[in-house]
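**Student:** My structure is below; once you've seen it, I'll send some questions.
Any read-out appearing in this document is the output of simple, stated calculations on the displayed coordinates, not a laboratory observation. This is a predicted model, so every value here is computed, not measured. When we count neighbours, we look across all protein chains shown, and the Cβ atoms used for this are built from the backbone with ideal geometry, even at glycine.
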Amino acid sequence: MKVKEEKSTVNIEPLREIEPVIDQLLELYKKSYVGMEEYAYTSDSAIRRYLKWLIRHDPEGFFIARDNTGKIVGFIATDANWINRGRNVGEIHELVVDPEARGKGIASKLIKRALEYFRSKDLKISGLWVGKKNQGAKHLYEKLGYKELYTKGIWTRMEREL
Ligand SMILES: CC(C)(COP(=O)(O)OP(=O)(O)OC[C@H]1O[C@@H](n2cnc3c(N)ncnc32)[C@H](O)[C@@H]1OP(=O)(O)O)[C@@H](O)C(=O)NCCC(=O)NCCS
């Protein structure tokens, strides 16, 4: 019988400064989206700009997962000040986990940390846009309470109450 892979022992921590780790985050982002480039920035300069935009928009809402060797194996970029359809929502802008570290609950841990963060800001709704054909991520979000609302072009909107 196949033994279920152990859950990870990663630590989730807020990202305090992006510059010292921006190259690591860039490489992690690129390898995470291999095969799904239609949903991602692909040039180094665009990814760098995007990562800086993410931290600038909510410097408290960016969390990284480190394994027990200190390597960054995932991150979530959120925004507690986001407005969608006139409502203030806790937005998940980005979530990636190293392909070699998947299936161990790291993304779930990052999302749970984001949900705690949004609740600490007294938000009532969390939302995100996910690639229409990104079934893996949709499944993950559904497991954590998000529901599909509508699709615009290649993106599907999902939200949950907090
Ligand atoms: C989506 C992603 C973040 C998931 O990371 P992960 O750490 O492997 O996810 P978890 O281990 O926490 O998964 C939790 C649950 O989600 C579901 N899930 C996650 N990835 C899945 C996949 N590819 N296919 C089907 N279900 C999936 C599983 O049901 C899993 O539950 P289980 O452990 O009971 O089987 C990762 O695959 C990734 O980086 N993808 C590329 C970037 C991306 O699509 N980001 C989302 C942007 S909106």
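**Student:** How far apart, in nanometres, would the label points at N81 and R56 be if each is projected 7 angstrom from Cα along the Cα-to-Cβ direction?
**Tutor:** Roughly 1.2 nm, to one decimal.
**Student:** For a Förster distance of 30 Å, can you work out the FRET efficiency between the beta-carbons of D122 and T9, rounded to the nearest 0.05?
**Tutor:** Values: r = 31 Å, r/R0 = 1.04.
Calculated transfer efficiency: 0.45.
**Student:** Mind putting together the pair-distance distribution for the chain? All Cα pairs, 10 Å bins, whole percent per bin, short to long.
**Tutor:** All Cα pairs considered, the percentages come to 10, 40, 39, 10, 1, 0.
**Student:** Could I ask something else about it? Any idea what diffusion coefficient region 1-83 gets from Stokes-Einstein, in µm²/s, Kirkwood Rh on alpha carbon pairs, 25 °C, 0.890 mPa s?
**Tutor:** Details: Rh = 14.1 Å.
Reported coefficient: 174 µm²/s.
**Student:** Another question, then. With charges set only on the Cβ (+1 for Lys and Arg, -1 for Asp and Glu), what does the dipole of region 89-162 come to about its Cα centre, in debye to the nearest 20? Let's see the in-between values first.
**Tutor:** Values: 16 positive and 10 negative charges, 32 e Å.
Computed charge dipole of region 89-162: roughly 160 debye.
**Student:** Let me spell out the model: positive unit charges on the Cβ of Lys and Arg, negative unit charges on the Cβ of Asp and Glu, origin at the Cα centre of the chain. What dipole size does that give, in debye rounded to 20? Show your work: numbers first, answer last.
**Tutor:** Details: 30 positive and 24 negative charges, 115 e Å.
That gives a dipole near 560 debye.
**Student:** Among N81, L54, L162, which residue has its Cα positioned farthest towards the positive end of the charge dipole of the chain, with +1 placed on the Cβ of Lys and Arg, -1 on the Cβ of Asp and Glu, and the dipole taken about the Cα centre?
**Tutor:** Farthest along the dipole direction, towards plus: L162.
**Student:** Around H139, what is the net charge, scoring Lys/Arg as +1 and Asp/Glu as -1 over all other residues with Cβ under 14 Å from its Cβ?
**Tutor:** Numbers: positive: R102, K132, K133, K138, K143, K147; negative: E142, E148.
Taking every Cβ under 14 Å from that of H139, the sum is +4.
**Student:** Ok, one more. In a GNM of the chain with a 10 Å cut-off on Cα contacts, which of A40, A107, A77 has the highest mean-square fluctuation?
**Tutor:** A40
**Student:** Placing +1 on the Cβ of each Lys and Arg and -1 on the Cβ of each Asp and Glu in the chain, which of Y150, I64, Y41 has its Cα farthest towards the positive end of the resulting dipole?
**Tutor:** Y150
**Student:** Here is a further query. How do 91-100, 115-124, 15-24 rank on mean C-beta neighbours within 10 Å, highest first?
**Tutor:** Highest-to-lowest ranking by the protection proxy: 91-100, 115-124, 15-24.
**Student:** Give me the extension gain from K152 to R16: residue separation times 0.36 nm, minus the current Cα-Cα distance, reported in nm with one decimal.
**Tutor:** On the way: separation 136, 0.36 × 136 = 48.96 nm, distance 3.36 nm.
Net length gain for the segment: 45.6 nm.
**Student:** Per-residue ellipticity at 222 nm for the chain, helices alone: DSSP H runs ≥ 4 residues times -39500 (n - 2.57), over residue total, nearest 500 deg cm²/dmol?
**Tutor:** Numbers: 4 runs with 49 residues, N = 162.
Only helices count here, giving -9500 deg cm²/dmol.
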